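Please read the structure below before turning to the comments.
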Amino acid sequence: MKLARRMEALAPGIFAELARARAKKEATGVRVIDLSVGSPDLPPAPHIIEALRKGVENPRNYTYPLSGKLELHRALAHWYKQRFNVELDPATEVLTLMGSQDGLAHVALAFINPGDIALVPDPGYPIYAASILLAEGELYPMPLLEKNRFLPDLTLIPPEVARRARMMTINYPNNPVAASADADFFKKVVEFARTYDIVVCHDAAYAELAYDGFKPMSFLEVPGAKEVGIEFYSLSKTYNMAGCRIGFAVGNAEVLRALERIKSNIDYGVFSAVQEAGIAALTGDQACVRQTATTYQKRRDILVEGLAKLGWQVEKPQASMFIWAPLPRGYRSSMDFCLEFLDKTGILMVPGVAFGARGEGYVRIALVQKEEDLQEAVERAASLFQFN
Ligand SMILES: Cc1ncc(COP(=O)(O)O)c(C=O)c1O
(Lines give C-alpha, C1' and ligand atoms only; values in the text may rest on other atoms or scores of the structure.)
Protein backbone atom coordinates (compact mmCIF):
# COMPACT_ATOMS: atom_id res chain seq x y z
CA MET A 1 0.00 0.00 0.00
CA LYS A 2 1.36 3.43 -0.91
CA LEU A 3 0.51 6.08 1.66
CA ALA A 4 -0.08 9.71 0.69
CA ARG A 5 2.87 12.07 1.14
CA ARG A 6 1.07 13.99 3.89
CA MET A 7 1.28 10.88 6.07
CA GLU A 8 4.96 11.69 6.54
CA ALA A 9 3.85 14.65 8.67
CA LEU A 10 2.15 12.22 11.03
CA ALA A 11 5.10 9.91 11.65
CA PRO A 12 4.71 8.35 15.14
CA GLY A 13 8.43 8.90 15.91
CA ILE A 14 9.43 9.76 19.45
CA PHE A 15 6.15 8.92 21.19
CA ALA A 16 6.15 5.41 19.66
CA GLU A 17 9.73 4.90 20.82
CA LEU A 18 8.79 5.97 24.35
CA ALA A 19 5.83 3.56 24.34
CA ARG A 20 8.14 0.70 23.33
CA ALA A 21 10.65 1.57 26.07
CA ARG A 22 7.85 1.73 28.62
CA ALA A 23 6.48 -1.69 27.61
CA LYS A 24 9.99 -3.15 27.88
CA LYS A 25 10.41 -1.71 31.38
CA GLU A 26 7.00 -2.99 32.50
CA ALA A 27 7.84 -6.45 31.18
CA THR A 28 10.57 -6.58 33.86
CA GLY A 29 7.88 -6.22 36.56
CA VAL A 30 8.54 -2.55 37.36
CA ARG A 31 5.54 -0.28 37.99
CA VAL A 32 6.15 2.65 35.67
CA ILE A 33 5.21 6.08 37.05
CA ASP A 34 3.90 7.80 33.96
CA LEU A 35 4.59 11.54 33.92
CA SER A 36 4.45 11.77 30.14
CA VAL A 37 0.99 12.37 28.66
CA GLY A 38 -0.94 15.41 29.92
CA SER A 39 -4.18 13.56 30.53
CA PRO A 40 -5.92 14.67 33.75
CA ASP A 41 -6.22 11.86 36.32
CA LEU A 42 -8.79 13.69 38.49
CA PRO A 43 -12.56 13.11 38.18
CA PRO A 44 -15.09 15.81 37.19
CA ALA A 45 -17.15 17.28 40.06
CA PRO A 46 -20.25 15.22 41.01
CA HIS A 47 -22.71 17.81 39.60
CA ILE A 48 -21.04 17.49 36.18
CA ILE A 49 -21.25 13.69 36.20
CA GLU A 50 -24.88 13.94 37.36
CA ALA A 51 -25.77 16.23 34.42
CA LEU A 52 -24.07 13.79 32.06
CA ARG A 53 -25.95 10.84 33.60
CA LYS A 54 -29.30 12.65 33.18
CA GLY A 55 -28.39 13.56 29.62
CA VAL A 56 -27.48 9.97 28.77
CA GLU A 57 -30.84 8.76 30.14
CA ASN A 58 -32.78 11.20 27.96
CA PRO A 59 -33.79 9.38 24.73
CA ARG A 60 -34.22 12.72 22.92
CA ASN A 61 -30.46 13.29 23.20
CA TYR A 62 -29.63 10.58 20.66
CA THR A 63 -30.28 12.51 17.45
CA TYR A 64 -27.42 14.22 15.60
CA PRO A 65 -26.69 17.34 17.62
CA LEU A 66 -25.29 19.18 14.53
CA SER A 67 -24.21 22.28 16.44
CA GLY A 68 -23.73 23.68 19.93
CA LYS A 69 -26.87 24.46 21.92
CA LEU A 70 -27.55 28.20 22.33
CA GLU A 71 -27.86 27.59 26.08
CA LEU A 72 -24.31 26.18 26.10
CA HIS A 73 -23.00 29.14 24.10
CA ARG A 74 -24.75 31.52 26.50
CA ALA A 75 -23.20 29.68 29.45
CA LEU A 76 -19.71 29.99 27.94
CA ALA A 77 -20.23 33.69 27.05
CA HIS A 78 -21.37 34.39 30.62
CA TRP A 79 -18.38 32.44 31.99
CA TYR A 80 -15.97 34.45 29.77
CA LYS A 81 -17.54 37.70 30.95
CA GLN A 82 -17.18 36.68 34.62
CA ARG A 83 -13.68 35.31 34.32
CA PHE A 84 -12.04 37.60 31.74
CA ASN A 85 -14.47 40.51 31.33
CA VAL A 86 -14.63 39.57 27.63
CA GLU A 87 -17.97 40.08 25.82
CA LEU A 88 -18.96 37.33 23.37
CA ASP A 89 -22.10 37.10 21.25
CA PRO A 90 -23.33 33.55 21.97
CA ALA A 91 -24.85 33.27 18.48
CA THR A 92 -21.86 34.32 16.39
CA GLU A 93 -18.75 34.46 18.56
CA VAL A 94 -18.84 31.00 20.16
CA LEU A 95 -18.39 27.69 18.33
CA THR A 96 -18.69 24.33 20.10
CA LEU A 97 -15.95 21.82 19.31
CA MET A 98 -15.32 18.15 20.00
CA GLY A 99 -12.49 19.23 22.28
CA SER A 100 -10.22 22.12 21.32
CA GLN A 101 -8.08 19.60 19.40
CA ASP A 102 -10.92 19.38 16.86
CA GLY A 103 -10.70 23.09 16.11
CA LEU A 104 -6.91 23.23 16.26
CA ALA A 105 -6.72 20.38 13.77
CA HIS A 106 -9.22 21.83 11.29
CA VAL A 107 -8.82 25.60 11.36
CA ALA A 108 -5.82 25.54 9.01
CA LEU A 109 -7.96 23.95 6.30
CA ALA A 110 -9.97 27.17 6.19
CA PHE A 111 -7.01 29.55 5.82
CA ILE A 112 -3.97 27.75 4.46
CA ASN A 113 -3.42 27.11 0.75
CA PRO A 114 -0.57 24.83 -0.26
CA GLY A 115 2.67 26.78 0.22
CA ASP A 116 1.21 29.43 2.57
CA ILE A 117 3.23 30.05 5.70
CA ALA A 118 1.99 29.48 9.24
CA LEU A 119 3.89 30.78 12.27
CA VAL A 120 4.00 28.12 14.99
CA PRO A 121 5.78 27.94 18.34
CA ASP A 122 8.90 25.77 18.65
CA PRO A 123 8.67 23.84 20.90
CA GLY A 124 4.92 23.51 20.56
CA TYR A 125 1.97 21.23 21.18
CA PRO A 126 2.19 18.87 18.18
CA ILE A 127 -1.16 19.56 16.49
CA TYR A 128 -0.16 23.18 15.74
CA ALA A 129 2.43 21.97 13.22
CA ALA A 130 0.63 18.79 12.14
CA SER A 131 -2.54 20.71 11.15
CA ILE A 132 -0.51 23.04 8.91
CA LEU A 133 1.27 20.13 7.25
CA LEU A 134 -2.07 18.37 6.67
CA ALA A 135 -3.26 21.54 4.91
CA GLU A 136 0.00 21.43 2.88
CA GLY A 137 1.19 24.71 4.33
CA GLU A 138 4.73 25.65 5.20
CA LEU A 139 5.89 25.95 8.82
CA TYR A 140 7.86 28.89 10.12
CA PRO A 141 8.87 27.95 13.67
CA MET A 142 8.97 30.77 16.23
CA PRO A 143 11.61 29.80 18.83
CA LEU A 144 10.44 29.89 22.46
CA LEU A 145 13.61 30.64 24.39
CA GLU A 146 14.22 30.97 28.09
CA LYS A 147 16.00 34.31 27.60
CA ASN A 148 12.74 35.72 26.16
CA ARG A 149 10.59 34.18 28.96
CA PHE A 150 9.54 31.60 26.33
CA LEU A 151 7.64 34.23 24.31
CA PRO A 152 8.35 34.38 20.56
CA ASP A 153 10.31 37.46 19.48
CA LEU A 154 8.11 38.78 16.66
CA THR A 155 10.75 41.32 15.62
CA LEU A 156 12.91 38.42 14.40
CA ILE A 157 10.35 37.24 11.85
CA PRO A 158 11.58 38.52 8.47
CA PRO A 159 9.02 40.80 6.73
CA GLU A 160 9.04 38.61 3.61
CA VAL A 161 8.03 35.62 5.79
CA ALA A 162 5.39 37.64 7.64
CA ARG A 163 3.90 38.82 4.32
CA ARG A 164 3.45 35.20 3.19
CA ALA A 165 2.07 34.08 6.57
CA ARG A 166 -1.68 33.50 6.88
CA MET A 167 -1.87 32.13 10.42
CA MET A 168 -0.08 32.32 13.76
CA THR A 169 -0.65 29.92 16.66
CA ILE A 170 0.23 30.86 20.21
CA ASN A 171 -0.48 29.08 23.50
CA TYR A 172 -0.32 30.50 27.03
CA PRO A 173 -0.15 29.07 29.66
CA ASN A 174 2.04 26.96 27.43
CA ASN A 175 2.42 23.28 26.78
CA PRO A 176 5.20 22.13 26.94
CA VAL A 177 7.25 25.07 28.29
CA ALA A 178 4.81 25.98 31.12
CA ALA A 179 5.30 29.74 30.59
CA SER A 180 2.60 32.41 30.75
CA ALA A 181 2.05 35.56 28.68
CA ASP A 182 1.12 39.10 29.65
CA ALA A 183 -0.98 41.84 28.01
CA ASP A 184 2.13 43.41 26.57
CA PHE A 185 2.95 40.32 24.53
CA PHE A 186 -0.64 39.84 23.37
CA LYS A 187 -0.74 43.50 22.26
CA LYS A 188 2.37 42.95 20.15
CA VAL A 189 0.69 39.91 18.57
CA VAL A 190 -2.41 41.97 17.68
CA GLU A 191 -0.26 44.70 16.12
CA PHE A 192 1.78 42.17 14.15
CA ALA A 193 -1.34 40.38 12.93
CA ARG A 194 -2.91 43.68 11.83
CA THR A 195 0.22 44.74 9.97
CA TYR A 196 0.51 41.51 8.03
CA ASP A 197 -3.15 40.43 7.90
CA ILE A 198 -2.62 37.19 9.82
CA VAL A 199 -5.26 35.08 11.59
CA VAL A 200 -4.21 34.47 15.20
CA CYS A 201 -5.22 31.30 17.02
CA HIS A 202 -4.58 31.41 20.74
CA ASP A 203 -4.89 28.15 22.67
CA ALA A 204 -5.95 28.79 26.27
CA ALA A 205 -6.40 25.16 27.35
CA TYR A 206 -4.55 25.73 30.65
CA ALA A 207 -6.00 29.12 31.64
CA GLU A 208 -7.48 27.75 34.88
CA LEU A 209 -4.55 25.61 36.02
CA ALA A 210 -2.71 28.47 37.68
CA TYR A 211 -0.96 28.69 41.02
CA ASP A 212 -0.18 30.98 43.93
CA GLY A 213 -3.15 33.23 43.07
CA PHE A 214 -1.99 33.88 39.48
CA LYS A 215 -4.79 34.44 36.92
CA PRO A 216 -3.78 33.88 33.27
CA MET A 217 -5.29 36.25 30.70
CA SER A 218 -7.49 35.59 27.73
CA PHE A 219 -5.98 36.81 24.44
CA LEU A 220 -9.36 38.44 23.81
CA GLU A 221 -8.86 40.80 26.76
CA VAL A 222 -6.47 42.81 24.62
CA PRO A 223 -8.02 45.60 22.45
CA GLY A 224 -8.29 44.54 18.82
CA ALA A 225 -7.74 40.80 19.48
CA LYS A 226 -11.22 39.88 18.30
CA GLU A 227 -10.52 41.61 14.96
CA VAL A 228 -7.53 39.40 14.24
CA GLY A 229 -8.26 36.04 15.74
CA ILE A 230 -9.86 33.44 17.90
CA GLU A 231 -9.15 31.66 21.15
CA PHE A 232 -9.52 27.96 21.81
CA TYR A 233 -10.91 27.09 25.22
CA SER A 234 -11.28 23.59 26.58
CA LEU A 235 -13.29 22.01 29.38
CA SER A 236 -10.81 19.08 29.45
CA LYS A 237 -8.41 20.50 32.01
CA THR A 238 -10.60 23.09 33.77
CA TYR A 239 -13.25 20.51 34.71
CA ASN A 240 -11.38 17.22 34.19
CA MET A 241 -13.63 16.35 31.24
CA ALA A 242 -10.90 15.31 28.76
CA GLY A 243 -12.67 12.09 27.76
CA CYS A 244 -15.99 13.90 27.18
CA ARG A 245 -14.53 15.82 24.20
CA ILE A 246 -15.91 19.30 24.54
CA GLY A 247 -14.24 22.63 23.88
CA PHE A 248 -14.84 25.93 22.11
CA ALA A 249 -13.45 28.45 19.69
CA VAL A 250 -14.42 32.02 20.57
CA GLY A 251 -13.75 35.44 19.09
CA ASN A 252 -13.73 36.62 15.47
CA ALA A 253 -17.09 35.70 13.93
CA GLU A 254 -15.72 35.43 10.38
CA VAL A 255 -12.96 33.02 11.40
CA LEU A 256 -15.48 30.97 13.40
CA ARG A 257 -17.88 30.84 10.43
CA ALA A 258 -15.09 29.47 8.25
CA LEU A 259 -14.13 26.84 10.83
CA GLU A 260 -17.78 25.93 11.26
CA ARG A 261 -18.13 25.44 7.49
CA ILE A 262 -15.16 23.04 7.46
CA LYS A 263 -16.56 21.14 10.44
CA SER A 264 -20.11 20.97 9.06
CA ASN A 265 -18.64 18.84 6.26
CA ILE A 266 -16.80 16.57 8.67
CA ASP A 267 -18.76 15.93 11.90
CA TYR A 268 -22.23 16.13 13.41
CA GLY A 269 -21.45 17.86 16.67
CA VAL A 270 -20.93 17.06 20.33
CA PHE A 271 -23.26 14.49 21.96
CA SER A 272 -26.11 16.50 23.55
CA ALA A 273 -25.56 14.82 26.94
CA VAL A 274 -21.96 16.05 26.91
CA GLN A 275 -23.18 19.55 26.01
CA GLU A 276 -25.52 19.38 29.03
CA ALA A 277 -22.60 18.33 31.23
CA GLY A 278 -20.71 21.34 29.80
CA ILE A 279 -23.56 23.68 30.78
CA ALA A 280 -23.52 22.20 34.29
CA ALA A 281 -19.76 22.72 34.50
CA LEU A 282 -19.83 26.33 33.30
CA THR A 283 -22.87 27.45 35.31
CA GLY A 284 -22.32 25.37 38.46
CA ASP A 285 -20.21 25.94 41.56
CA GLN A 286 -16.66 26.84 40.49
CA ALA A 287 -15.08 25.57 43.73
CA CYS A 288 -14.09 22.40 41.84
CA VAL A 289 -11.87 24.46 39.53
CA ARG A 290 -9.96 25.96 42.46
CA GLN A 291 -9.71 22.51 44.04
CA THR A 292 -8.15 21.10 40.87
CA ALA A 293 -5.62 23.94 40.69
CA THR A 294 -4.72 23.41 44.36
CA THR A 295 -4.11 19.72 43.71
CA TYR A 296 -1.75 20.48 40.81
CA GLN A 297 0.01 23.16 42.85
CA LYS A 298 0.77 20.64 45.63
CA ARG A 299 2.07 18.17 43.06
CA ARG A 300 4.25 20.87 41.48
CA ASP A 301 5.75 21.70 44.87
CA ILE A 302 6.50 18.06 45.75
CA LEU A 303 8.29 17.51 42.47
CA VAL A 304 10.15 20.82 42.12
CA GLU A 305 11.24 20.91 45.78
CA GLY A 306 12.10 17.20 45.76
CA LEU A 307 14.23 17.50 42.62
CA ALA A 308 15.93 20.64 44.00
CA LYS A 309 17.08 18.61 47.04
CA LEU A 310 18.69 16.14 44.63
CA GLY A 311 20.53 18.98 42.94
CA TRP A 312 18.25 19.26 39.88
CA GLN A 313 17.13 22.91 39.88
CA VAL A 314 13.89 23.42 38.01
CA GLU A 315 11.71 26.53 37.72
CA LYS A 316 8.30 26.45 39.49
CA PRO A 317 5.70 27.17 36.79
CA GLN A 318 2.96 29.73 37.52
CA ALA A 319 0.48 27.77 35.44
CA SER A 320 -0.16 24.69 33.21
CA MET A 321 0.08 21.07 34.33
CA PHE A 322 3.73 20.69 33.34
CA ILE A 323 7.25 21.24 34.50
CA TRP A 324 9.72 22.17 31.78
CA ALA A 325 13.05 21.06 33.16
CA PRO A 326 16.47 21.78 31.66
CA LEU A 327 18.51 18.57 31.43
CA PRO A 328 20.72 17.97 34.45
CA ARG A 329 24.40 18.75 33.97
CA GLY A 330 26.24 16.21 31.87
CA TYR A 331 23.33 15.36 29.56
CA ARG A 332 22.94 16.66 26.00
CA SER A 333 20.20 14.58 24.40
CA SER A 334 16.73 14.80 25.96
CA MET A 335 15.77 11.46 24.40
CA ASP A 336 18.84 9.68 25.79
CA PHE A 337 18.19 11.20 29.21
CA CYS A 338 14.50 10.13 29.22
CA LEU A 339 15.38 6.57 28.16
CA GLU A 340 18.10 6.31 30.82
CA PHE A 341 15.82 7.80 33.49
CA LEU A 342 13.05 5.35 32.58
CA ASP A 343 15.46 2.46 32.59
CA LYS A 344 17.01 3.32 35.98
CA THR A 345 13.94 4.65 37.84
CA GLY A 346 10.81 3.46 36.01
CA ILE A 347 9.67 7.07 35.61
CA LEU A 348 8.45 8.16 32.19
CA MET A 349 8.81 11.76 30.97
CA VAL A 350 8.78 13.30 27.49
CA PRO A 351 12.01 14.52 25.87
CA GLY A 352 11.73 18.18 24.91
CA VAL A 353 12.78 17.40 21.35
CA ALA A 354 9.42 15.63 20.85
CA PHE A 355 7.88 19.13 20.69
CA GLY A 356 10.33 20.61 18.18
CA ALA A 357 14.03 21.23 17.65
CA ARG A 358 14.07 24.09 20.21
CA GLY A 359 12.80 21.68 22.85
CA GLU A 360 16.14 19.88 22.86
CA GLY A 361 17.93 20.29 26.17
CA TYR A 362 14.70 19.99 28.21
CA VAL A 363 12.27 17.36 29.44
CA ARG A 364 8.56 17.81 30.05
CA ILE A 365 7.18 16.36 33.26
CA ALA A 366 3.36 16.15 33.51
CA LEU A 367 1.83 16.50 36.99
CA VAL A 368 -0.68 13.74 36.33
CA GLN A 369 -0.06 11.34 39.22
CA LYS A 370 -1.06 11.38 42.89
CA GLU A 371 1.14 13.06 45.50
CA GLU A 372 2.30 9.65 46.84
CA ASP A 373 3.47 8.65 43.37
CA LEU A 374 5.32 11.92 42.86
CA GLN A 375 6.95 11.46 46.25
CA GLU A 376 7.93 7.95 45.20
CA ALA A 377 9.25 9.32 41.90
CA VAL A 378 11.53 11.70 43.82
CA GLU A 379 12.68 8.85 46.10
CA ARG A 380 13.41 6.57 43.16
CA ALA A 381 15.39 9.36 41.50
CA ALA A 382 17.25 10.04 44.78
CA SER A 383 18.45 6.46 45.07
CA LEU A 384 19.68 6.29 41.49
CA PHE A 385 20.70 9.75 40.36
CA GLN A 386 23.24 12.28 41.55
CA PHE A 387 22.56 15.55 39.82
CA ASN A 388 25.32 17.61 41.45
C1 LIG B 1 -2.01 22.96 24.72
C2 LIG B 1 -3.13 22.01 24.46
N3 LIG B 1 -4.13 22.38 23.65
C4 LIG B 1 -5.16 21.56 23.38
C5 LIG B 1 -5.22 20.30 23.93
C6 LIG B 1 -6.36 19.42 23.55
O7 LIG B 1 -7.40 19.60 24.44
P8 LIG B 1 -8.87 19.07 24.17
O9 LIG B 1 -9.09 17.96 25.14
O10 LIG B 1 -9.74 20.27 24.44
O11 LIG B 1 -8.98 18.64 22.76
C12 LIG B 1 -4.22 19.86 24.78
C13 LIG B 1 -4.27 18.52 25.35
O14 LIG B 1 -3.42 18.06 26.06
C15 LIG B 1 -3.13 20.74 25.05
O16 LIG B 1 -2.13 20.38 25.84
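The values are calculated or read from the model by the stated rules, or taken from the named source; none is laboratory data. Computed from a predicted structure; not experimentally measured. Note: ideal-geometry Cβ built from the backbone for every residue, glycine included; neighbour counts use all protein chains shown. Remember, those area values only see protein heavy atoms, side chains included, never the ligands or the DNA or RNA. Shrake-Rupley method; radii C 1.70, N 1.55, O 1.52, S 1.80 Å.
Pairs needed: first member in the range 88-105, closer than 11 Å to Lys263 by Cα; second member anywhere, open to solvent by less than 10 Å² (accessible area, probe 1.4 Å) and of a type in the set (S, T, N, Q); C-beta distance under 6 Å; at least 6 residues apart or different chains.
Ala105/Ser131
Inside the range 180-244, counting only helices (runs of 4 or more DSSP H) that do not spill past its ends, which hold 3 or more residues that are within 13 Å of the ligand (Cβ to nearest atom), closer than 20 Å to Leu72 by Cα and modelled with pLDDT of 95 or more?
235-238
Here are some residues: Phe355, Phe385. Which one is touching a Ser or Thr at 6+ places or on another chain (Cβ under 8 Å) and open to solvent by less than 70 Å² (accessible area, probe 1.4 Å)?
Matching residue, one of Phe355, Phe385: Phe385.
Can you tell me which condition Gly115 does not meet? The list is (1) part of a strand (DSSP E or B); (2) modelled with pLDDT under 95, and all the others hold.
(1)
Of these, Lys237, Lys263, which one is within 14 Å of His106 (Cα to Cα) and either crowded, with 24+ Cβ neighbours inside 10 Å or not hydroxyl-bearing (Ser, Thr, Tyr) (or both)?
The match here is Lys263.
Go through the residues of the range 201-222 one by one and say whether even a single one is of a type outside the set (Asp, Glu), over 17 Å from the mean Cα position of the chain (by Cα), open to solvent by less than 20 Å² (accessible area, probe 1.4 Å) and more than 28 Å from Tyr239 (Cα to Cα).
no
Output the qualifying pairs, or none if there are none: Cβ atoms under 6 angstrom, residues six or more apart or on different chains, first residue in the range 366-388 and under 20 Å from Asn240 (Cα atoms), second residue in a helix (DSSP H, G or I) and of a type outside the set (D, E, K, R).
Cβ pairs passing all conditions: Leu367/Tyr296; Glu371/Ile302; Leu374/Ile302; Leu374/Leu303.
Going by the conditions given, is Pro126 within 17 Å of the chain's Cα centre (by Cα), within 15 Å of the ligand (Cβ to nearest atom) and open to solvent by 40 Å² or more (accessible area, probe 1.4 Å)?
Yes, satisfied.
Output yes when any residue across the range 49-61 is in a loop (DSSP other than H, G, I, E, B), touching a Gly at 6+ places or on another chain (Cβ under 6 Å) and open to solvent by less than 90 Å² (accessible area, probe 1.4 Å), and no when none is.
No; the residues of the range 49-61 include none that is in a loop (DSSP other than H, G, I, E, B), touching a Gly at 6+ places or on another chain (Cβ under 6 Å) and open to solvent by less than 90 Å² (accessible area, probe 1.4 Å).
Restricting attention to the range 245-268, which residues are farther than 12 Å from Glu93 by Cα and within 13 Å of the ligand (Cβ to nearest atom)?
Arg245, Ile246, Gly247
If Phe84 meets every condition in (1) crowded, with 22+ Cβ neighbours inside 10 Å; (2) within 20 Å of the chain's Cα centre (by Cα) apart from one, which number is that one?
It fails just one condition, (1).
Just one of Pro65, Pro90 is away from the ligand (no atom under 16 Å from the Cβ), touching a His at 6+ places or on another chain (Cβ under 7 Å) and modelled with pLDDT of 95 or more; which is it?
Going through Pro65, Pro90 in turn, just one is away from the ligand (no atom under 16 Å from the Cβ), touching a His at 6+ places or on another chain (Cβ under 7 Å) and modelled with pLDDT of 95 or more: Pro90.
Let me confirm something: among Arg290, Arg364, which residue is assigned to a helix (DSSP H, G or I) and at pLDDT 95 or above?
Among Arg290, Arg364, only Arg290 is assigned to a helix (DSSP H, G or I) and at pLDDT 95 or above.
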